[in-house]
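Q: Have a look at this one.
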Amino acid sequence: MPNLSYHRPSSITEAVRMAHDDPEAKLLAGGQSIIPSLKLGLLAPSAFIDLGGLADLRGVRLDGRSLRIGAMTSHAEVANSAHVRQHLPALAHLASGIGDRQVRNRGTVGGSLANSDPAADYPAAVLGLGAELRTDRRAIPADSFFHGLFATELGSDEIVTAVEFPLPERAAYVKFPQPASRFALVGVFVSLTGKSVRVAVTGAGPCVFRVPEMEQALARRFAPQSLNGITVPAGSLNADLHGSAEYRAHLIPVLTRRAVEQALA
C-alpha cells in the first residue's frame, strides 16, 4: 500500500480547500469502496480527506414534503430513522439491505452516491424519487447527476452535503442481490406521486437509469398488469460472471412488477 497523508478537516470549507489544493487527494466518506480499491491497487491517492468529523453532514430532517438526509448519514441510521420509516419506508427498506452490518454502519449516503457504483442501491432511490443532491456550491437534480460508470456531475473538489428526497404517495424497492456482496445484480425503485411515475434501475447498466416506457404505462394505470409485454433491450446492459445481459434484461420487468405490487400493498 502506498504512503499517503491523512487529513481530518473541521469544516466543509476546510475540506473543500484541501480537495482543491490537492487534486490527487480522495474524500473519505465511510471508506467502504475506497479502502478495497486501495488494497487492490486500483487507486493511488496522495491523501485522504476524512469527512467523518463534520457533524453538519449528518442526520435526517423532515422538511415539509421532503426528507433531508445529510451526506455523512450512515446506511444504518437511514434504515433505523423514525422519520424515514414513517414517511419513506421504501428508503428504509433499501438501506437495511445494503451489504452487511459493518458496511451499513460505516458506509454513508453521500459516499455511495459520489462513487456511483453501477450496482449500488442508493442511486436507484435518488433517481426513482427525483431527489435533489445538495453540494457545497449548488443543487443537482438526480436526472443530471449520474453520467456513467463511476462518473457523476460532481467537480473534483465538490462535496455532497445532503440529499433532498421528495415524499411520494407510493414507493417500493426490490432487488435481486448478489449473494456474497449484497450489491444489486438488478434493483428497481418505483415511485408514484400524483400522476407521475418514476422507474429507476440499478445493477443492470453502467449506471442507474430510468425506463420511460414502463413509467408511461404505469402512469396510465398503476398496476402490475400495465407492464405486460414491456421488455428492456439487453444490448447496453452489463454482463459478468454473475449474470448475462439477457438475464438482467429479463429481471428488470420481473422486479418492476414486484415493486409495484409492494407499493400497492
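Q: Between Ala82 and Leu62, what length in nm is gained on full extension when 0.36 nm per residue of separation is reduced by their alpha carbon distance?
A: 6.2 nm
Q: May I pose another question? Write down the Å³ per residue value for the convex hull defined by the alpha carbon atoms of the chain.
A: 120
Q: Related question: On a straight-distance basis, which aspartates and glutamates could pair with Lys195 in a cross-link, Cα separation under 12 angstrom, same-chain partners fewer than 8 positions away excluded?
A: Output for Lys195: Glu169, Glu215.
Q: Follow-up. With each pseudo-label sitting 7 Å past Cα toward Cβ, what's the Ala55-His250 distance in nm, one decimal?
A: Reported label-point gap for Ala55 and His250 is 5.3 nm.
Q: I need to check one value: relative contact order of the chain, counting alpha carbon pairs closer than 8 Å and at least 6 residues apart, in percent.
A: 15
Q: Now, a different point. Name the most mobile residue of Asp100, Asp240, Asp157, meaning the one with the largest mean-square fluctuation, in a Gaussian network model of the chain with Cα contacts below 10 Å.
A: Asp240
Q: Compare the peptides 53-62, 249-258, 112-121 by average per-residue count of other Cβ atoms within 10 angstrom and give them in order, highest first.
A: Put in order of decreasing packing, that is 112-121, 249-258, 53-62.
Q: How big is D, in µm² s⁻¹, for the stretch 3-78 by Stokes-Einstein at 4 °C and 1.567 mPa s if Rh is the Kirkwood radius over C-alpha pairs?
A: D, rounded to a whole number, is 95 µm²/s.
Q: If a/c stays under 1.5 just call it rounded; otherwise compare a/b with b/c (prolate if a/b is bigger, oblate if not). Do that for the stretch 170-264, with a ≥ b ≥ c from the square roots of the Cα gyration tensor eigenvalues.
A: Prolate.
Q: Calculate for the chain the 222 nm mean residue ellipticity that helices alone would give, adding -39,500 (n - 2.57) per DSSP H run of length 4 or more and normalising by residue count, nearest 500 deg cm²/dmol.
A: Counting only the DSSP helices, I get -9000 deg cm²/dmol.
Since every read-out is calculated from the coordinates, none of them should be taken as a lab result. For clarity, every value in this text was computed on a predicted model and none was experimentally measured. All Cβ positions, even for glycine, are placed from backbone atoms using ideal geometry, and neighbour counts span all protein chains on display.
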